[in-house]
Amino acid sequence: MINIPSGKGTKLRMFVFLSVLISIFFYSTTKAQVIPIETDSSAMVLFVTKNKEVRLRYFGQKLNDVKEYEQFTGQLHQASDPSGVADAVYSSAGSRNFFEPAISVIHADGNTSLALRYVSSDVKRISADIEETQLLLKDPVYDFNVKLVFRAYRKDNVVEQWSEITQNENGAVRLNKFASANLYWYGSSFWLKQYHGDWAREMQPEVTKLSHGIKTLDTKLGTRADLFQPPVFIISADHKPMEDQGEVMLGSIEWSGNYRVDLEVDNRNNLRIIAGMNNASSSYELQPGKTFRTPRFLYTLSQQGTGQASRNLQSWARKYRILDGEGGRLTLLNNWESTYFDFNEEKLKNLLGDTKKLGVDLFLLDDGWFANKYPRNDDHAGLGDWQPNRKKLPNGIQAVVKDADKKGVKFGIWIEPEMVNPKSELYEKHPDWVIKQPDRPEYYFRNQLVLDLSNPKVQDFVFGIVDSLFIKNPSLAYIKWDCNSVIYNAYSAHLNHQSELYIAYVRGLYKVLERIRAKYPQVPMMLCSGGGGRVDYAALKYFTEFWPSDNTDPLERVFMQWEYSYFYPAISMAAHVTNWGRQPIKYKVDVAMMGKLGFDIPVSKLKPEELSFCQQAVQQYNKVKDVIWHGDQYRLISPWNHDFASLMYVDRKKDKAVIFSYLVSNRYDAGSELPVKFKGLNPDQRYKIEEVNLYNGAKSSINDKKDNTYSGSFLMKAGFNPVVNSRRASVVLVATAVN
Ligand code: DGJ
C-alpha cells in the first residue's frame, strides 16, 4: 500500500512522490526497451523498437554502463537495411524478411506469414553465476508465440540460447524451420574455422574467410550425426582466429542429431548466425496448446583469442555440463584391439591380471561377449541379443566380474544398444522396431540397422539392456556406449508423421539416458561412435567422457586432440595407448596422458622395459591427473605450423603445471630450437622444472641441472626449452611451485 502523507509539506512530499513514480515509470520503460544479456565480459544487447520489433543491436565486449549500448547504435553508419529486420532477434519468414529465417511456418489456415512482436521480458537469477532472460514474442495476427530463452553463465562467459514455440490456432501449425538462436554480429569481415571428418579422420580443421551469402554447416546422418561434420565452429572478426588475441566466438549446438548452422554475411557485411536442429526432411506438426522446445545453442565470446575462449568453454563444461565434470575418472585396460571378438573366460581372466599388473583402475570388456543363436563372432551377427555368449562365457559375465573383484580391479562393459544386426533374434522378433522403409531394400552401415527410438517400447528395451546389466552385476563400474550406424531409409513403423523421425529419435535417446541417469547417476559412461563423431554438449550431460576417434596413432592424436581441445576439456577425452602408429611406447603414453589415459594393447607382449615404463607412467599420471583433468589448458606451440607441438595444463592455484611436447616432423634436425613460452603461471612464483616419464635408467639433462628452478615470469617471458628432437620425440615436464 502506498501511503500518501498529509499536513505541512504535503505538496513537497507529493511532488517528490510523483517524481519518483515518474522516474520509476521511465526507468522501467527504458529497461523494457534495452535488454542486455551480459556475462562478466561479453554482451548481446536487444532493443525493442517503437513498433515492438526486437533487434539485436550490440554483440561484443561488455560495456561499463548499460546506457552505453544505446550510444553504440548511434555509431553505426552502415548502409540501410531494406528488409528492416536483418538484425531481428528471431527472424521469421513470410513477411518483410528476405534473409535466412530462424523460423518458418504454415499456419492452421494455410497462411505462410509470421511476424513476431515484443510482449514481455523477464530476468531470473538462477544462481549467483547464472542469469536467465526470457523474451516473449507474439504474432499480432495469429495466436502464435515464441519464447526466447538466454541463459548467461557470467564467470565463464558462456551463453546458452534456445526457443520455445507455442501456438493456439484452430488446428495444427506446420513448423518448417525452428532455429534455437539467431545472432547478429556487426563487423566488416569474418573468418570461419570449421571441421570435417570421417572414420579415423575426425576433427580436420579448415579456415576460410566468410564470403557474402550463406555458408551452411550441417549434418543429415541421423545417429552418429557428426561423423562428417561436428557441431562445433569458431568465428573470428577481422582476421583468422588467433590463440591469444582478437575477438572470437566458439559455438556449438547441443543436439545429438541432425543440426544446421547458417552463417550469412549480409549486404551490410554483418554476420547473421542461425543455428538449431536441421529442418531437412524434418518439418514438424505442432498441435494447438503444445510447445516445441528447440535444443540449446551454446557460445562463448572472447576478446583474447581462442585460448581464453576455450578455457571458458572447458571450465563451463566441467562445472555445468559434463557428467561428474569436476570429479575423477578411471584409467583402464580395454581388450578391443588385443582380442577383437576372439576371447573366452580364461583369456579375460588373464587380462584382468594384466590390468592389475599395469596399475590401471578398470578392465573394459569390448564387443563380442553376447548372442547365442547368431553368436557375435564378427560384426555381421548378434547385435541386439544381449545375453552372454555361452561358448565364450559359460559362467556368464558374473564369473568375470567376480574375478575382477577378487583381483582388486573394476570391471566395465561395451554395449551398442541402439543398433541391430539383421542376423539376430531381436530382428526376427521385432522387425517393426527397426528403422527401414517397408517397401525398399535395406541398406546397412557396418552390417547393421538402427532401432526406432521414437517408439516407447524400444526405449524400454534399450533401458532394459543397461538396467539388467547392473541388476545382474551390481559392481559393474563402467559402460562404453557405442553407435556405429547412421540412419538410412528413415521410416518409423511407430510414428504417424514420418518427417518427425529424426527429432523423435534423439528425444527418445535422451529419454532413455534420463532414465539410466535417474537410476544410476554416477557410473562413468564413455560416448563412442564407431570412433568419434557423436560428441556434443547435450550428450555429455549423460556421459563422463567420449571416444575422439578409432585412430589412436599418437601422431594423429596430437592433431586431433589439439582440435577437440578448443571445445572439450581433457577430462572428457578418452585417449588410449594402442598398436596404431610406429612410435615408441613412451610417445604413445605421453600423448594419451594429455587426455583421460587408457590402454588397449596386449600387455603380455610388452618387453620388460616397456611394461615397467607403462607402470611408472600410470603412477606418474596418478600424480598429475588432477592438473590435467581440472586445470586450465594453454596451447603453446601449434603442431600445424611447427616441427613440434607444446601444450600445458595449470592447476587453479598455479602451483603445479604439466607441459607436454611432441615432435611431429621427421625432417632433418627438426625440434625445439628455441625456448617455449609457458602461459598461465604466477609470474612471482618460482617453479622447479622436472622431466618425468623417462625410461628406467634414462637420464635427462633437464633434471641434471644444478639449479632447475625458474620464476614464472622467466618461464612465460623468456621461456623454457623442453629439448624436443628425434632422440627425444616426446617430453613431459612438471613445474612445481617452490619457496
Ligand atoms: C567401434 C569402436 O570405436 C571401437 O572402439 C570398438 O568398440 C568397436 N566399435 C567394437 O565393435
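Read the figures in this text as sums done on the coordinates, not as results from a lab. It should be emphasised that the depicted structure is a prediction, and the values quoted were computed from it without experimental measurement. As a convention, Cβ positions derive from the backbone with ideal geometry for all residues, glycine included, and neighbour counts pool all protein chains shown.
Taking the dipole about the Cα centre of the range 341-445, with the C-beta of Lys and Arg at +1 and of Asp and Glu at -1, give me whichever of 362, 399, 389 is farthest to the positive side.
Farthest towards the positive pole: 399.
Among residues other than residue 367 whose Cβ falls under 10 Å from its Cβ, what is the net charge (Lys/Arg +1, Asp/Glu -1)?
Value of the local net charge: -3.
Give me the net charge for the shell around residue 43: Cβ to Cβ below 14 angstrom, other residues only, Lys and Arg +1, Asp and Glu -1.
Taking every other residue near residue 43 into account, the sum is -3.
Could you tell me which of 184, 140, 71 has its Cα farthest along the dipole of the chain towards the positive end, charges placed at Cβ (Lys, Arg +1; Asp, Glu -1), taken about the Cα centre?
It is 71.
Could you tell me which helices of the chain pass both thresholds, a Cα extent of 30 Å or more along their own axis and a mean Kyte-Doolittle hydropathy of at least 0.5, with helices taken as whole DSSP H runs?
Taking the DSSP H segments of the chain (at least 30 Å long, mean hydropathy at least 0.5), we get 10-33.
Quick check: from the Cα gyration tensor, does the chain come out rounded (a/c under 1.5), prolate or oblate?
Working: a/c = 2.03, a/b = 1.29, b/c = 1.57.
Note, shape of the chain comes out oblate.
Using r as the Cβ-Cβ distance of residue 727 and residue 402, and R0 as 41 Å, what FRET efficiency do you calculate, to the nearest 0.05?
Details: r = 47 Å, r/R0 = 1.14.
Plugging the Cβ-Cβ distance into 1/(1 + (r/R0)^6) gives 0.30.
Under 8 Å for C-alpha pairs, at least 6 residues apart: give me the relative contact order for the chain, rounded to a whole percent. Show your work: numbers first, answer last.
On the way: 1774 pairs, mean separation 67.4, N = 739.
That works out to 9 percent.
For the chain, what is the charge dipole size about the Cα centre, in debye to the nearest 20, if Lys and Arg each add +1 at the Cβ and Asp and Glu each add -1 at the Cβ?
On the way: 92 positive and 84 negative charges, 340 e Å.
Computed about the Cα centre, the dipole is about 1640 debye.
From the cross-link list 402/457; 410/607; 625/705; 653/677, which pairs have alpha carbons spaced over 21 Å apart?
On the way: 402/457 32 Å; 410/607 25 Å; 625/705 26 Å; 653/677 19 Å.
Long pairs (Cα-Cα over 21 Å): 402/457; 410/607; 625/705.
Can you tell me what percent of all Cα-Cα pairs in the range 659-700 are more than 13 Å apart?
The proportion of pairs with Cα distances above 13 Å equals 72 percent.
How much net charge surrounds residue 213 when only the other residues with a Cβ under 14 Å from the Cβ of residue 213 are counted, with Lys and Arg +1 and Asp and Glu -1?
Once all neighbours under 14 Å are counted, the net charge is 0.
Using DSSP to define loop residues, name the trypsin sites (Lys or Arg not before Pro) in the range 415-474 whose beta-carbon has at most 16 other beta-carbon atoms within 10 Å.
The qualifying sites are 446.
Over the range 31-321, what is the mean sequence separation of C-alpha contacts under 8 Å (at least six apart), divided by residue count, expressed as relative contact order in percent?
18 percent
What percent do you get for the relative contact order of the range 634-738 when only Cα pairs under 8 Å and 6+ apart count?
34 percent
Using the Cα centre as the reference, give the magnitude of the dipole from point charges on the C-beta atoms of the range 332-628 (Lys, Arg: +1; Asp, Glu: -1; all else neutral), rounded to the nearest 20 debye.
800 debye
Projected onto the charge dipole of the range 31-321 (+1 at Lys/Arg Cβ, -1 at Asp/Glu Cβ, origin at the Cα centre), which of 88, 287, 219 gives the Cα projection farthest towards the positive end?
It is 287.
Just to compare against my own numbers: the Cα pair-distance distribution for the range 103-193, 5 Å bins, whole % per bin, please.
Distribution as computed: 3, 12, 19, 18, 16, 13, 11, 6, 2, 0 percent.
Kindly write out, for the range 259-275 in residue order, the coupling ³J(HN,Hα) from the Karplus curve 6.51 cos²θ - 1.76 cosθ + 1.60 (θ = phi - 60°), rounded to whole Hz, with x marking Gly and Pro.
10, 8, 10, 9, 10, 10, 8, 8, 5, 9, 6, 7, 10, 9, 10, 10, 9
Listed here are the pairs 679/706; 392/596; 50/138; 654/706; which of them are more than 20 Å apart at the Cα?
Over 20 Å Cα-Cα: 679/706; 392/596; 654/706.
Please list the non-local residues whose amide H lies under 5 Å from the amide H of residue 573, H modeled 1.01 Å from N, same-chain partners needing a gap of 5 or more.
It is 546, 596, by chain and number.
Each residue of the range 245-253 in turn: what ³J(HN,Hα) in whole Hz from Karplus with 6.51, -1.76, 1.60 and θ = phi - 60°, glycine and Pro shown as x?
So the J values, rounded to whole Hz, are 9, x, 7, 9, 10, 10, x, 6, 9.
Neighbour counts of other C-beta atoms within 10 Å: give me 130, 503 arranged from fewest to most. Don't jump to the answer; show the numbers that get you there.
Numbers: 130 17, 503 22.
Least to most surrounded, the residues fall as 130, 503.
Please get the size of the charge dipole for the range 634-738, origin at its Cα centre, with Cβ charges of +1 on Lys and Arg and -1 on Asp and Glu, quoted in debye to the nearest 20.
220 debye
For the range 678-694 and the range 111-178, what is the separation of their C-alpha centers, rounded to whole Å?
Each part reduced to its Cα centre gives a spacing of 48 Å.
Using only Cα atoms, what is the ratio of the radius of gyration of the range 361-413 to 2.2 N^0.38 Å?
On the way: Rg = 11.8 Å, N = 53, 2.2 N^0.38 = 9.9 Å.
Compared with the compact-globule rule of thumb, the range 361-413 sits at 1.19.
List the equivalent ellipsoid semi-axes of the range 634-738 in whole Å, largest first, each obtained as the square root of 5λ for an eigenvalue λ of the Cα gyration tensor.
With the √(5λ) rule applied to the range 634-738, the semi-axes are 22, 16, 11 Å.
Could you state the number of Å between the C-alpha centres of the range 512-537 and the range 342-395?
21 Å
Which of the peptides 634-644, 308-318, 694-704 is most tightly packed, and how do the rest follow, judged by the mean count of other Cβ atoms within 10 Å per residue?
The densest-packed peptide leads the list: 308-318, 634-644, 694-704.
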